[in-house]
Amino acid sequence: MTYPASPADAGGPRVRPDSGQFWAGAVATAIVAALIALVGILICRWTLNIPILAPAGDGAWGDAHTGEYALVAALIALAAAGLLYLLVLSTPNPGLFFRWIIGLITLIAVVYPFSSGAPLDQKAATAIVNLVLGVAIGSLLTATAARAIRRTGPRSSGPARPAPPVDSGVPADPYGQRGQGYEQQPTRPQRYEEQPTRPTYTPGTPPPDGRQ
């Protein structure tokens with residue numbers, strides 16, 4: 001059994017994302033995520049002397065796991081962009097659902113390093129890098145979607161109604177008093193009765209000026 005759409009749904013604005021702008025922002029977000037991963041590894045291994053993802057003898061950049069970590073960060077950013085694109089097309093409040101999903105995934109990425117047998121400082125450093133990655137991906141994609149989404153006007157539910165006729169008998173408001181308690185009334189031409197130019201009198205009576 002089908003139900004007709006409500007008037008509110010039929011006349012509401014439609015969401016149309018700009019695919020070009022959105023995916024350009026998604027690619028840029030993936031590049032930023034990869035760079036954040038590389039910078040985080042460099043800070044931990046070189047500045048803080050915390051060897052994450054590789055032994056300390058592999059240098060500041062570590063081994064092949066560093067490149068894999070950066071590549072995975074970029075792929076996660078693209079996957080999150082695809083998820084957000086689908087949410088925009090199918091859900092009533094895509095931003096809310098996306099923030100919840102990214103928040104929960106980021107929480108998992110922060111907690112997961114503590115399940116390994118690495119030293120505590122390496123666990124904490126990896127968790128912090130994952131947290132920064134999650135916040136960066138979520139915020140950048142949310143801002144990208146906000147700029148790329150276009151809202152079209154409400155759809156017309158029927159033929160356009162003609163404009164109401166203008167009353168030509170009501171003149172314009174020359175003194176700007178309309179809306180201030182004064183009702184503009186139509187002007188009507190005034191009629192004047194013609195008056196006699198001479199006084200009238202009845203025959204047989206003396207005229208008013210005393211002449212015979």
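Assorted remarks:
- Residues satisfying the stated conditions in the range 92-124, i.e. free of Cβ contacts under 8 Å to residues at least 40 places away in the same chain and closer than 15 Å to VAL135 by Cβ: TRP100, ILE101, ILE102, GLY103, LEU104, ILE105, THR106, LEU107, ILE108, ALA109, VAL110
Yes/no matrix, rows are residues, columns are (1) loosely packed, with under 13 Cβ neighbours inside 10 Å; (2) more than 22 Å from LYS123 (Cβ to Cβ); (3) modelled with pLDDT under 95:
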residue	(1), (2), (3)
ASP18	no, yes, yes
VAL39	no, no, yes
ASP58	no, no, yes
ALA64	yes, no, yes
LEU89	yes, yes, yes
ASN93	yes, yes, yes
LEU96	yes, yes, yes
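- Restricting ALA136, ALA143 to residues that are at pLDDT below 95 and either out of contact with any Gly (no Cβ under 8 Å at 6 or more places or on another chain) or closer than 30 Å to GLN21 by Cβ (or both) narrows the list to ALA143.
- Yes/no for LEU89 being closer than 27 Å to ARG16 by Cβ and touching a residue at least 24 places away in the same chain (Cβ under 8 Å): yes
- Flag if PRO113 is modelled with pLDDT of 85 or more, at negative phi, not in a helix (DSSP H, G or I) and not small (Gly, Ala, Ser): no
- Looking only at residues of the range 99-120 that are of a type in the set (Ser, Thr, Tyr) and within 30 Å of TYR85 (Cβ to Cβ), we find that the one that is surrounded by the most Cβ atoms within 10 Å (Cβ to Cβ) is THR106.
- Residue check for ALA125: assigned to a helix (DSSP H, G or I), touching a Cys at 6+ places or on another chain (Cβ under 6 Å) and under 30 Å from THR47 (Cβ atoms): yes
The values are calculated or read from the model by the stated rules, or taken from the named source; none is laboratory data. Predicted, not measured: the structure shown is a model, and the values here were computed from it. Note: ideal-geometry Cβ built from the backbone for every residue, glycine included; neighbour counts use all protein chains shown.
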